[in-house]
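The structure appears right after this line, and notes come after that.
Every read-out reported here was derived from the displayed coordinates using simple, explicitly stated rules and does not represent laboratory data. As the structure is a computational prediction, the values presented were derived from the model and not from experiment. Glycine gets a Cβ as well: all are built from the backbone with ideal geometry, and neighbour counts include every protein chain shown.
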Amino acid sequence: MEVLQRGRNARTGAKESQALLLLATRPGPRPAQVGSRAAAVDERKVQQAWQREMAKVALFPGRTHLLPMGPAHARALGYRQEELVGVPSAAVLLCAGMGHVVHAGALRPGERVVDVGSGGGLDALLAAKAVGESGRVLGVEMVEELLRKAQHVAGRLSQLKFLKGYAEQLPTEDGSADVVMANGVVNLCCVDKGRVLREMWRVLRKGGRLVIADAVTQVVKPWLVRSQPGLWITEQAGLLTADELRTLIVAAGFSNVQQATGQNLWSATRD
Ligand SMILES: C[S@@+](CC[C@H](N)C(=O)[O-])C[C@H]1O[C@@H](n2cnc3c(N)ncnc32)[C@H](O)[C@@H]1O
């Protein structure tokens, strides 16, 4: 901004001011601060790119997609055959997460759970079984085609509902959840990961738990790659490293941040 204002100074002359403007708008080196990386790409365009991709996934779940998914993927993540008994096959076909957040969350009967980016509804359904009729599970998802599938999966379970919404602005009140979980959403899909984590902190009650499974990268992609929404899908261009993700979880206000050994699973608490 400062550079733009100086560029408009009449005393510097037209050529100089154009050069200054170019410097201000041309993509430069990747910003050093984790939080400022959000500015490198248009959030709405990334969401739209994911919406297009996930709508295809919802409509043609049996086909090969960019994301690993389906029953074999679920087994590789640790979902056990016995817990999938009675689960509609549509939910398992759409399993596209990065870990077993329901298992990691150690859910108890009566707990209130929010599943952010609930996809085809598998985790929300398993969570609803774990918390029972005295509990409550809300799946939040931005892709209508997936929501329709998940609503079908939910069947008549009164403790389970799905709402259209965004991770950046969860459709639920402050302090209304005992557990917030997200499987393959925060690091893989979201542009402003810090904002999403703060939003998760907002909806958790004091003492509530956060459980996240996510992909991470060893080396963050160059800014020119990160700035192209389509590459967030094909190249997983939005990923941060495990250390950076942990830094953002702490910065959002969480305590007891732990990463399961050898897995892309984080847990934390809101004190
Ligand atoms: C990799 S898929 C995982 C789906 C599901 N959690 C699972 O484990 O199968 C990521 C999901 O997050 C959703 N998503 C991505 N960005 C989102 C956002 N900003 N707000 C809400 N949902 C989002 C996508 O539509 C997609 O359903």
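Quick notes on this structure:
- Taking every DSSP bridge with both residues inside the chain, close to 30 percent are antiparallel.
- Whether the chain is rounded, prolate or oblate, judged on the alpha carbon gyration tensor where a/c under 1.5 counts as rounded: prolate
- Spin-label pair residue 52/residue 151, simplified geometry with 7 Å Cα→Cβ offset, distance in nm: 2.6 nm
- Placing a label point 7 Å from the Cα of residue 271 along the Cα-to-Cβ line, the residues of segment 193-235 whose backbone N sits under 14 Å from it are 206-208.
- With a cut-off of 11 Å between beta carbons, the residues surrounding residue 207 carry a summed charge of +2, where Lys and Arg count +1 and Asp and Glu -1.
- Once the chain from residue 144 to residue 241 is taken as fully extended at 0.36 nm per residue, the excess over their C-alpha distance is 31.9 nm.
- Each Lys or Arg adds one and each Asp or Glu subtracts one; over the other residues with Cβ under 15 Å from the Cβ of residue 131, this totals +1.
- The angle between the Cα long axis of helix 122-131 and the main principal axis of the chain comes to about 50°, on a 0 to 90 degree scale.
- Sorting 147-153, 117-123, 67-73, 260-266 by their mean Cβ neighbour count within 10 Å, with the most densely packed peptide first, gives 117-123, 147-153, 67-73, 260-266.
- Peptide packing: for 235-243, 108-116, the average count of neighbouring Cβ atoms within 10 Å per residue gives the ranking 108-116, 235-243, highest mean first.
- Nearest-0.05 FRET efficiency for residue 44 and residue 85, computed from C-beta distance (R0 45 Å): 0.65
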